[in-house]
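Since the structure comes first, as structure tokens, the remarks are kept for the end.
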Amino acid sequence: MALPSYASPLERTWYYSYRVICGLIFFFLVAPILVMIPLSFNAQPYFSYTTEMLTLQPEGYSLRWYEEFFNSSAWVTSIRNSVIIAFASTFLATCLGTLAALGLSRSHMPFRGLIMGLLISPMIVPLIISAAGMFFFYSQIGLAQTFPGVILAHTALGTPFVVITVTATLTGFDHTLTRASASLGAPPQTTFFKVILPLITPGVISGALFAFITSFDEVVIVLFVAGVEQRTIPREMWSGIREQISPTILAVATILVLISIALLTVLELLRRRNERMRGLSPS
């Protein structure tokens, strides 16, 4: 929003000061990432900048840590496990969260506040408590150190994001459309797939991306619930920091940052598309 020409000196001062403060906060948050990314191209096995890197000499940079990452059987296995667990838990969280949001959007739904509080509780309860509870529960039913157990645990963490995003999308939803569809003889499943789902698709996809990121970056739950065969990328990074420090971790972190940036870009595009569909912003 541009500063109006009639703004007072105090308003102008706050206008520019506010942007400077926001810029400094943004730099404070992004600076560690900006420092880490160049180190992933370090030709030497150090976690510090060498003289060759500081003087921008070509021999100071190398892709050896990225090659080690993609050629390591342990890292490749962790990639496969992370992708399998993330996609499976995202699918379950998206289905469950969307259905829950549709039910909670009904005005006649009893105990809406209580149910919503229970659904989003995984976002509020500390992860260490959730992880310990899941470990003891899964140990009793035989799901500890199994892929289904890890997938269900990540589903519980991702479902609240889907519920919140889909519920926000349904806030301005016109329920007369569903009643019109029913009056024309359409069964409930046809109304859902032909009327409701196309309108809430941006919210569903946004929630699914949040659930995917949550699962892909989660390490605390994996430490408690997963076994040796379910080692994910964050779990492998945790082990690498504790057991064998290698700049390969910097390469992995850089790749994860790029994936996160790509997903956040998609989220922003979906948000703008959703606003255009709802008439909140010009196309």
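The values are calculated or read from the model by the stated rules, or taken from the named source; none is laboratory data. Values in this document were obtained by computation on a predicted structure and should not be read as measured data. Don't worry about glycine lacking a Cβ; one is built from the backbone with ideal geometry, like all the others, and counts go over all protein chains shown.
Some observations on this one:
- Qualifying residue in the range 232-249 (condition: touching a Pro at 6+ places or on another chain (Cβ under 9 Å) and of a type in the set (Gly, Ala, Ser)): yes
- Only listed residue being more than 19 Å from residue 267 (Cβ to Cβ) and touching an Asp or Glu at 6+ places or on another chain (Cβ under 9 Å), chosen from 221, 233, 241: 233
- Residue within the range 239-246 that is free of Cβ contacts under 8 Å to residues at least 60 places away in the same chain and buried (at least 16 other Cβ atoms within 10 Å of the Cβ) present: yes
- Among residues of the range 178-187, those that are of a type in the set (Ser, Thr, Tyr) and surrounded by 11 or more Cβ atoms within 10 Å (Cβ to Cβ), counted: 2
- Only one entry in 136, 173 is part of a loop (DSSP other than H, G, I, E, B) and over 23 Å from residue 83 (Cα atoms), namely 173.
- So residue 190, is it surrounded by 13 or more Cβ atoms within 10 Å (Cβ to Cβ), of a type in the set (S, T, N, Q), more than 17 Å from the chain's Cα centre (by Cα) and over 30 Å from residue 220 (Cβ atoms): yes
- Given (1) within 17 Å of the chain's Cα centre (by Cα); (2) under 25 Å from residue 156 (Cα atoms); (3) among the polar types (S, T, N, Q), index of the condition residue 239 fails: (1)
- Some residue of the range 101-108 being modelled with pLDDT of 90 or more and farther than 18 Å from residue 169 by Cα: no
- Condition broken by residue 274, with the remaining ones in (1) farther than 21 Å from residue 99 by Cα; (2) at pLDDT below 80 satisfied: (1)
- When every residue of the range 207-225 is checked against the conditions, none turns out to be modelled with pLDDT under 80 and not basic (Lys, Arg).
Every residue, every condition in (1) modelled with pLDDT under 90; (2) of a type in the set (S, T, N, Q); (3) assigned to a helix (DSSP H, G or I), yes or no:
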residue: 143; (1), (2), (3): yes, no, no
residue: 154; (1), (2), (3): no, no, yes
residue: 158; (1), (2), (3): no, no, yes
residue: 163; (1), (2), (3): no, no, yes
residue: 169; (1), (2), (3): yes, yes, yes
residue: 181; (1), (2), (3): yes, yes, yes
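- Single condition residue 110 does not satisfy, out of (1) under 30 Å from residue 200 (Cβ atoms); (2) part of a helix (DSSP H, G or I): (2)
- For the range 203-229, a residue qualifies if it is over 14 Å from the mean Cα position of the chain (by Cα), in a loop (DSSP other than H, G, I, E, B) and either of a type in the set (Ser, Thr, Tyr) or under 16 Å from residue 156 (Cβ atoms) (or both), and exactly one does: 226.
- Those residues of the range 144-154 which are surrounded by fewer than 24 Cβ atoms within 10 Å (Cβ to Cβ) and within 23 Å of residue 104 (Cα to Cα), in sequence order: 152
- Qualifying residue in the range 45-52 (condition: farther than 16 Å from residue 253 by Cα and either of a type in the set (Lys, Arg) or touching an Asp or Glu at 6+ places or on another chain (Cβ under 8 Å) (or both)): yes
- Any chance residue 73 is at pLDDT 85 or above, surrounded by 10 or more Cβ atoms within 10 Å (Cβ to Cβ), within 32 Å of the chain's Cα centre (by Cα) and within 30 Å of residue 225 (Cα to Cα): no
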